[in-house]
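What follows is a single structure, written as structure tokens, with notes after it.
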Number of protein chains: 4
Amino acid sequence: MSYAKQMLESYRASAIDANVLAAAIDALSDCAQACTANVDADLGDADVASMIKCLRLCLDCADVCTATTRVASRKTAYEEGFARPLIEVCAAICARCGDECERHAPMHPHCGVCEQACRRCEQACRDLLAEYSRLATARLT
Amino acid sequence: MSYAKQMLESYRASAIDANVLAAAIDALSDCAQACTANVDADLGDADVASMIKCLRLCLDCADVCTATTRVASRKTAYEEGFARPLIEVCAAICARCGDECERHAPMHPHCGVCEQACRRCEQACRDLLAEYSRLATARLT
Amino acid sequence: MSYAKQMLESYRASAIDANVLAAAIDALSDCAQACTANVDADLGDADVASMIKCLRLCLDCADVCTATTRVASRKTAYEEGFARPLIEVCAAICARCGDECERHAPMHPHCGVCEQACRRCEQACRDLLAEYSRLATARLT
Amino acid sequence: MSYAKQMLESYRASAIDANVLAAAIDALSDCAQACTANVDADLGDADVASMIKCLRLCLDCADVCTATTRVASRKTAYEEGFARPLIEVCAAICARCGDECERHAPMHPHCGVCEQACRRCEQACRDLLAEYSRLATARLT
């Protein structure tokens, strides 16, 4: 069991499904690291000049995933309502970064690994957004 | 002249007004630091139990401002289009954090300083969003 | 297999044992998240006034682990020689934060989880330092 | 007056000279931003393949300066004693990154701006270390 899951089980009495939230936190943290490592890998490639877009997107994706990991780990994330738009931004960046990495994956296996981390993160963000919607609906009925 | 402004003048040939962008980057960076310091100040207050909301909001605001400082410093911010929603999220968090700090400012001068940093950052984000809109309109005509 | 390990296997031809490096990166990333979540958990405790030292140490530990995760993910970490002192600082902070969390663990299970993340991270940092020493010795002989 | 200075004046009753500490915090925050922007500038250069070392060093320097800005903004920085080794690491990275940027400055003005931010940050870190030493001596006498 991940530390994120253990932490949630040790203290949070919240309406959010802890499995969904912990999966999102883990995927965000993994994606931040994969994008950071992929920047380093891109910089070691002989054709670095063709990887500029990939480099910039991975840098943005790493920074937004790092911040979103932290915000999602706090109670305000759900209570204050700004987790939703932040996670939507994060999912959009992961989707864009994943698309760019996919283009390079056939020649650069490290981009293939990064693409997978981005895709998984995008999906985990969308699952968390669906969970927020489920809770918002539940409160109205 | 700030380093952000000097950096922009040294290399970026972009349609964005460098003054508006540099002002946003500086305000974001300052706000991240002010919120981080305000968390430390809150933790030193005798009535820390009444500052919980302020603490959590300052933590979120610091993290989102740090990430937005970095993303706004890259060309992708404008080219890829996800700077706009990220800066909108950032402005919303600064507004919310500024409101909470304002409540505590009469008793806690450090919250008054943090409120000012949040208000200035919110305004600088809105100025940058207006600049993005101006450019988007210019491209259509 | 973690993304950190997959990334290392996909591109890095380095003298460092990829298992040791990947284990350190994963432990650093986990510790950053656990400390961030533990701050949020501490802020929800009724006796928050008695958790101030824990809060400040977890904030420091989260920031240093986040930076060290990123630096350790780059080739410069080993080549430039400043990974060693940074990882030493990180191990020291993890040890101090782990000690403080241990004090609160009997009353606060979330501190017990955070302590474990800190202990594992400290050990993974020490294993990586030992690997650096092994390589430095190997180059001399 | 910078927000860092205003924050320190609004709450911190500490033996550390607030001017020295605020100058270090401002220089660290500026250096983190300059290095982040310089990475983006390097990625736009026609000879990006010759800037790889500069890119990696700026990435490391940005991350370590971001973390050190945050740690230096907290009281633990002085009380716990691990600010000193962290700031020493930070000064060493700024020195190394400044040297690399200096090499490229004649051809790349943005590297010249980044070099200045690194030099100023290194000096501000060394001034803060001297202030710590002064205080340690004062306590012994």
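Can you name the number of the only condition in (1) within 29 Å of B:Asp47 (Cβ to Cβ); (2) out of contact with any Gly (no Cβ under 9 Å at 6 or more places or on another chain); (3) surrounded by fewer than 15 Cβ atoms within 10 Å (Cβ to Cβ) that B:Thr141 fails?
(1)
Away from chain C (no Cβ under 14 Å), touching a helix residue (DSSP H, G or I) at 6+ places or on another chain (Cβ under 8 Å), in contact (Cβ under 8 Å) with a residue 40 or more places away in the chain and open to solvent by 70 Å² or more (accessible area, probe 1.4 Å): is that true of A:Glu88 in this structure?
Here the answer is yes, as A:Glu88 does meet what is asked.
Just to be sure before I move on: is D:Asp45 part of a loop (DSSP other than H, G, I, E, B) and acidic (Asp, Glu) in the structure I sent?
yes
Within region A:28-47, can you find the residues that are touching an Asp or Glu at 6+ places or on another chain (Cβ under 9 Å) and more than 9 Å from chain C (Cβ to nearest Cβ)?
Correct list: A:Cys35 only.
Check C:Ile93 against each of (1) open to solvent by 30 Å² or more (accessible area, probe 1.4 Å); (2) in a helix (DSSP H, G or I) and name the one condition it does not meet.
Result: C:Ile93 fails condition (1) only.
Testing C:Ser50 on (1) out of contact with any Asp or Glu (no Cβ under 6 Å at 6 or more places or on another chain); (2) within 7 Å of another protein chain (Cβ to nearest Cβ); (3) over 26 Å from A:Cys31 (Cα atoms), one condition comes back false. Which one is that?
Unmet condition: (2).
Conditions: (1) over 30 Å from B:Gly44 (Cα atoms); (2) among the small types (Gly, Ala, Ser); (3) in contact with a Lys or Arg (Cβ under 6 Å, 6 or more places away or on another chain). C:Ala83 meets all but one. Number of the miss?
Here C:Ala83 meets the rest and fails (3).
For the structure I just gave you, tell me whether B:Arg134 is within 10 Å of chain D (Cβ to nearest Cβ) and of a type in the set (Lys, Arg).
no
If I filter region A:96-123 down to residues being touching a Gly at 6+ places or on another chain (Cβ under 6 Å) and surrounded by 20 or more Cβ atoms within 10 Å (Cβ to Cβ), which single residue comes out as farthest from A:Ala67 (Cα to Cα)?
Residues of region A:96-123 touching a Gly at 6+ places or on another chain (Cβ under 6 Å): A:105, A:115, A:118-119.
Narrowing the set further to residues that are surrounded by 20 or more Cβ atoms within 10 Å (Cβ to Cβ) leaves A:115, A:118.
Values: A:Glu115: 20, A:Cys118: 15 Å.
The selected residue is A:Glu115.
Could you grab me the full set of residues in region B:51-62 that are touching a residue at least 24 places away in the same chain (Cβ under 8 Å) and open to solvent by 10 Å² or more (accessible area, probe 1.4 Å)?
Correct list: B:Lys53, B:Leu59.
Of the conditions (1) more than 9 Å from every other protein chain (Cβ to nearest Cβ); (2) in contact with a Leu (Cβ under 6 Å, 6 or more places away or on another chain); (3) surrounded by fewer than 19 Cβ atoms within 10 Å (Cβ to Cβ), B:Ala24 fails just one. Which one is it?
Tallying (1) more than 9 Å from every other protein chain (Cβ to nearest Cβ); (2) in contact with a Leu (Cβ under 6 Å, 6 or more places away or on another chain); (3) surrounded by fewer than 19 Cβ atoms within 10 Å (Cβ to Cβ), B:Ala24 fails exactly one: (3).
Among the listed residues B:Val64, B:Val71, B:Val39, identify the single one that is assigned to a helix (DSSP H, G or I), β-branched (Val, Ile, Thr) and farther than 19 Å from D:Ala32 by Cα.
Answer to the check: B:Val39.
Considering only region D:3-13, I want to know if a residue exists there that is facing another protein chain (nearest Cβ under 8 Å), among the small types (Gly, Ala, Ser), buried (at least 24 other Cβ atoms within 10 Å of the Cβ) and within 14 Å of D:Cys118 (Cβ to Cβ). I'd like the intermediate steps shown before the answer.
Filtering region D:3-13 for residues facing another protein chain (nearest Cβ under 8 Å) gives D:3-4, D:6-8, D:10-12.
Now drop any that are not among the small types (Gly, Ala, Ser), which leaves D:4, D:10.
Those still in the list that are buried (at least 24 other Cβ atoms within 10 Å of the Cβ) too: D:4.
Imposing the further condition that a residue be within 14 Å of D:Cys118 (Cβ to Cβ) reduces the set to none.
No, there is no match, as no residue in region D:3-13 is facing another protein chain (nearest Cβ under 8 Å), among the small types (Gly, Ala, Ser), buried (at least 24 other Cβ atoms within 10 Å of the Cβ) and within 14 Å of D:Cys118 (Cβ to Cβ).
Restricting the search to region C:124-141, which residues are within 24 Å of C:Ala67 (Cα to Cα) and polar (S, T, N, Q)?
Residue satisfying the conditions is C:Ser133 alone.
So for region D:72-80 (the condition being within 12 Å of chain C (Cβ to nearest Cβ) and under 27 Å from A:Ala41 (Cα atoms)), does at least one residue qualify?
Scanning region D:72-80, I find no residue that is within 12 Å of chain C (Cβ to nearest Cβ) and under 27 Å from A:Ala41 (Cα atoms), so the answer is no.
Going by the structure shown, is C:Ala41 under 26 Å from D:Cys61 (Cα atoms) and crowded, with 24+ Cβ neighbours inside 10 Å?
Taking the combined requirement at face value, the residue does not satisfy it.
Within region B:124-134, identify whether any single residue is part of a helix (DSSP H, G or I), open to solvent by less than 20 Å² (accessible area, probe 1.4 Å) and of a type in the set (Phe, Trp, Tyr), and answer yes or no.
Our first condition is that a residue be part of a helix (DSSP H, G or I); within region B:124-134, this holds for B:124-134.
With the extra rule that they be open to solvent by less than 20 Å² (accessible area, probe 1.4 Å), the set shrinks to B:124-125, B:128-129, B:131-132.
If we keep only those that are of a type in the set (Phe, Trp, Tyr) too, we end up with B:132.
Scanning region B:124-134 turns up at least one residue that is part of a helix (DSSP H, G or I), open to solvent by less than 20 Å² (accessible area, probe 1.4 Å) and of a type in the set (Phe, Trp, Tyr).
What are the pairs with Cβ atoms under 8 angstrom where one residue, in region D:1-17, is on the phi > 0 side of the Ramachandran plot and of a type in the set (Asp, Glu) and the other, located anywhere, is open to solvent by 60 Å² or more (accessible area, probe 1.4 Å) and part of a loop (DSSP other than H, G, I, E, B)? Sequence gap at least six, or different chains.
Final answer for the pair search is none.
Any residue in region A:111-121 that is assigned to a loop (DSSP other than H, G, I, E, B) and under 20 Å from D:Asp63 (Cβ atoms)?
No, region A:111-121 contains no residue that is assigned to a loop (DSSP other than H, G, I, E, B) and under 20 Å from D:Asp63 (Cβ atoms).
Can you tell me which residue among A:Asp47, A:Asp26, A:Asp17, A:Asp30 is of a type in the set (D, E, K, R) and more than 19 Å from the chain's Cα centre (by Cα)?
A:Asp47
Restricting to region B:70-82, count the residues that are of a type in the set (Gly, Ala, Ser), surrounded by fewer than 24 Cβ atoms within 10 Å (Cβ to Cβ) and in contact with a helix residue (DSSP H, G or I) (Cβ under 7 Å, 6 or more places away or on another chain).
0
Residues that are touching a helix residue (DSSP H, G or I) at 6+ places or on another chain (Cβ under 8 Å), free of Cβ contacts under 8 Å to residues at least 40 places away in the same chain and of a type in the set (Phe, Trp, Tyr): does region C:130-138 have at least one?
Scanning region C:130-138, I find no residue that is touching a helix residue (DSSP H, G or I) at 6+ places or on another chain (Cβ under 8 Å), free of Cβ contacts under 8 Å to residues at least 40 places away in the same chain and of a type in the set (Phe, Trp, Tyr), so the answer is no.
The values are calculated or read from the model by the stated rules, or taken from the named source; none is laboratory data. These figures come from a predicted structure and were not determined experimentally. Because the Cβ atoms are built from the backbone with ideal geometry, glycine has one as well, and the counts that use them run over all protein chains shown. The accessibility values were calculated without ligands, DNA or RNA, using every heavy atom of the protein model including side chains. Shrake-Rupley method; radii C 1.70, N 1.55, O 1.52, S 1.80 Å.
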